[in-house]
Amino acid sequence: MTAPEARRYVHIAGTLLLLSLVPSIFGESRTTAQASSSSPSSTVIQRLDGSKLTTSAVDEEVTHLIEAAHVTGVGIAIFHHGQISYLHAYGLRDTEKGLPLTPDSVMTSASLSKAAFATVVMKLVQQGKLDLDKPVEQYLSAPLSDYRRYTDLKGDDRTKKITLRMLLSHTSGFPNWRSFTDDQKLHIFFDPGTRYAYSGEGIDLAQLVVEIVTNKSDEELMRDNLFLPLNMTRTSMVWQPAFESDYANGYDEYGRSLGPEKRSRPDAAGSMQTTLRDYATFLSALMQGKILDAKTTREMLQPQIKIHSAHQFPSLATETTTANDPILLSYGLGWGLYTSPSGPAFFKEGHDEGWRHLALCFDKKGDGLLILTNSSNGEGIFKPLVDSLLGATSFPFDWESYTPYTELPPLPPLKQHTKVTLSPDQLKRVTGKYILSPQVTIIVTLDDGKLFMQENSEPKQELLPESPQDFYSPTTTDEYTFTPADGTSAERMVLHADGKDFTLNRQKETPAQVPHP
């Protein structure tokens with residue numbers, strides 16, 4: 001994903017790394033880069049046009065880019081004839097401890113989850129357990145609007161038209177996330193099946209349907225149908241204790257740590273934790289026909305809808321263009337598609353705060369590139385990496401809003417805050433559970449005299465007071481205002497993030513009764 005709208009959750013926090021230390025941190029990447037034991041013994045990489053690069057040239061180019069663009073760490077996998085021909089990690093997974101990123105470091109995959117989920121759905125289609133063109137309401141025991149998360153859709157008969165094919169091809173009419181709409185409610189914005197508009201909401205509905213049909217959680221489905229068969233031992237839809245031995249922190253544009261995303265609930269749209277080695281194994285198996293049969297693979301990678309939007313985000317923007325018509329930009333089932341100089345190509349991005357990823361594969365050659373980064377600056381090196389490691393691809397960088405780091409404006413200076421001291425009662429009055437939408441809740445708690453907030457199942461982050469009603473994050477640009485400001489228990493939280501204000505209403509419970517997510 002490529003814009004603030006692409007975020008699944010509201011931007012929350014991490015631990016502070018002084019910006020003045022960033023150049024020295026990235027300077028360490030040459031000595032801390034780790035190679036995978038599964039990398040081939042060959043010292044030559046073949047590009048799409050048949051030209052060759054030495055692995056030392058690849059190392060030099062990648063190291064230069066992450067240092068110049070202030071990318072904390074990056075994992076690179078290169079594919080040739082469906083096989084992993086190169087697997088290498090560069091930079092750091094933890095800047096404070098100086099720990100190197102490795103091919104087995106667990107990273108948040110963000111929306112790369114969607115492509116893996118779509119592949120499992122297609123496996124169930126192949127087995128005859130799902131029908132892509134059957135209205136999803138026919139899989140449910142009641143109309144969709146009777147389900148708690150979908151009550152906003154009452155009275156809209158277009159829910160009867162929505163199919164799994166539409167959900168996987170992002171043509172359902174849903175927004176990316178309801179929390180980005182003006183009223184923060186779920187609506188169908190166009191007749192299902194008529195245009196492309198990327199939607200995490202659509203993938204979540206597909207997850208609900210698949211879980212009901214199979215009577216299994218998304219975690220079980222992904223584990224049994226993909227992770228275990230491919231021996232992806234360090235991949236899961238939720239955080240696992242085994243990940244503690246080697247995981248990466250995400251880092252924002254300023255180099256501040258956002259920590260890992262230790263999700264406790266599976267979300268097909270973005271909760272998958274994986275590694276460079278595991279996701280490369282998935283892509284390799286997919287290109288070699290080891291997951292789906294040839295017919296099902298063709299259907300998954302067959303264009304379902306032509307794309308004429310000027311950019312992928314905001315997903316509901318009405319601006320159109322013919323600029324991508326020559327490459328036949330379209331969407332399949334879980335994957336973006338286009339025609340490259342090397343033939344048909346499929347791709348998927350991942351974008352979350354502190355995580356930027358890109359998978360790009362070429363059907364006929366079985367060649368491709370996987371880029372995983374633990375940095376919000378990661379997209380700035382996508383174009384130079386693709387151009388140098390693959391050659392000419394005609395990839396729609398502009399549609400993705402992937403601006404090379406050399407063309408980005410300087411980051412604005414960080415706002416300076418002044419911390420004040422509040423009494424325990426002043427802190428206690430803002431504690432409670434605040435609700436933005438059925439998907440996003442924030443719990444504010446008081447622990448040993450300090451105030452903490454927790455978004456959904458993510459790690460707790462401290463909030464510091466600037467006044468009795470105004471608080472800020474020490475590790476992000478987010479600010480929080482609690483109202484009313486008359487000393488009584490707060491009723492609302494206003495989150496100021498990315499130039500927008502998000503109002504969360506406090507659940508009518510005493511702080512002691514507030515359940516943890």
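Kindly provide the set of residues from the stretch 259-268 that are of a type outside the set (Lys, Arg) and under 14 Å from the mean Cα position of the chain (by Cα), ordered by number.
Answer for the stretch 259-268, where residues must be of a type outside the set (Lys, Arg) and under 14 Å from the mean Cα position of the chain (by Cα): Pro260, Glu261, Pro266, Asp267, Ala268.
Right, Lys383: crowded, with 19+ Cβ neighbours inside 10 Å, over 21 Å from Met166 (Cα atoms) and free of Cβ contacts under 8 Å to residues at least 24 places away in the same chain or not? Judged against the criteria, Lys383 is a match. Taking the criterion of being over 18 Å from the mean Cα position of the chain (by Cα), buried (at least 24 other Cβ atoms within 10 Å of the Cβ) and not in a loop (DSSP other than H, G, I, E, B), the only residue of the stretch 92-118 that qualifies is Leu92. Filtered by the rule that a residue be buried (at least 24 other Cβ atoms within 10 Å of the Cβ) and either assigned by TED's automatic domain parsing to the domain that holds Thr318 or not in a loop (DSSP other than H, G, I, E, B) (or both), the stretch 148-175 gives Leu164, Met166, Leu167, Leu168. Only one entry of Asp191, Asp182 meets the criterion of being surrounded by fewer than 20 Cβ atoms within 10 Å (Cβ to Cβ) and free of Cβ contacts under 8 Å to residues at least 12 places away in the same chain, and that entry is Asp182.
Given the criteria assigned to a loop (DSSP other than H, G, I, E, B), over 21 Å from Gly128 (Cα atoms), touching a residue at least 24 places away in the same chain (Cβ under 8 Å) and in the same structural domain as Ile371 (by TED's automatic domain parsing), does Arg277 qualify?
Numbers: assigned to a loop (DSSP other than H, G, I, E, B): no; over 21 Å from Gly128 (Cα atoms): yes; touching a residue at least 24 places away in the same chain (Cβ under 8 Å): yes; in the same structural domain as Ile371 (by TED's automatic domain parsing): yes.
Against the criterion (assigned to a loop (DSSP other than H, G, I, E, B), over 21 Å from Gly128 (Cα atoms), touching a residue at least 24 places away in the same chain (Cβ under 8 Å) and in the same structural domain as Ile371 (by TED's automatic domain parsing)), Arg277 does not qualify.
For the stretch 289-309, the condition holds for no residue, the condition being that it is in the same structural domain as Ile84 (by TED's automatic domain parsing), surrounded by fewer than 22 Cβ atoms within 10 Å (Cβ to Cβ) and closer than 12 Å to Thr108 by Cβ.
When you scan the stretch 176-204, how many residues do you find that are part of a loop (DSSP other than H, G, I, E, B), among the β-branched types (Val, Ile, Thr) and either in contact with a strand residue (DSSP E or B) (Cβ under 8 Å, 6 or more places away or on another chain) or modelled with pLDDT of 95 or more (or both)?
Step one: filter the stretch 176-204 for residues part of a loop (DSSP other than H, G, I, E, B), giving 176-177, 181-199.
Now narrow it down to the ones that are among the β-branched types (Val, Ile, Thr): 181, 188, 194.
If we keep only those that are either in contact with a strand residue (DSSP E or B) (Cβ under 8 Å, 6 or more places away or on another chain) or modelled with pLDDT of 95 or more (or both) as well, we get 188, 194.
Total meeting the criteria: 2.
Would it be correct to say that Val121 is in a helix (DSSP H, G or I), touching a His at 6+ places or on another chain (Cβ under 8 Å), in contact (Cβ under 8 Å) with a residue 40 or more places away in the chain and crowded, with 23+ Cβ neighbours inside 10 Å? So Val121 does not fit the description; no.
Being of a type in the set (A, V, I, L, M, F, W, C) and under 17 Å from Asp486 (Cβ atoms) is the filter here, so list the residues in the stretch 427-446 that pass it.
Leu427, Val430
The values are calculated or read from the model by the stated rules, or taken from the named source; none is laboratory data. All figures in this text were calculated on a predicted structure; none of them were measured in a lab. Every residue, glycine among them, receives a Cβ derived from its backbone with ideal geometry; neighbour counts consider all protein chains shown.
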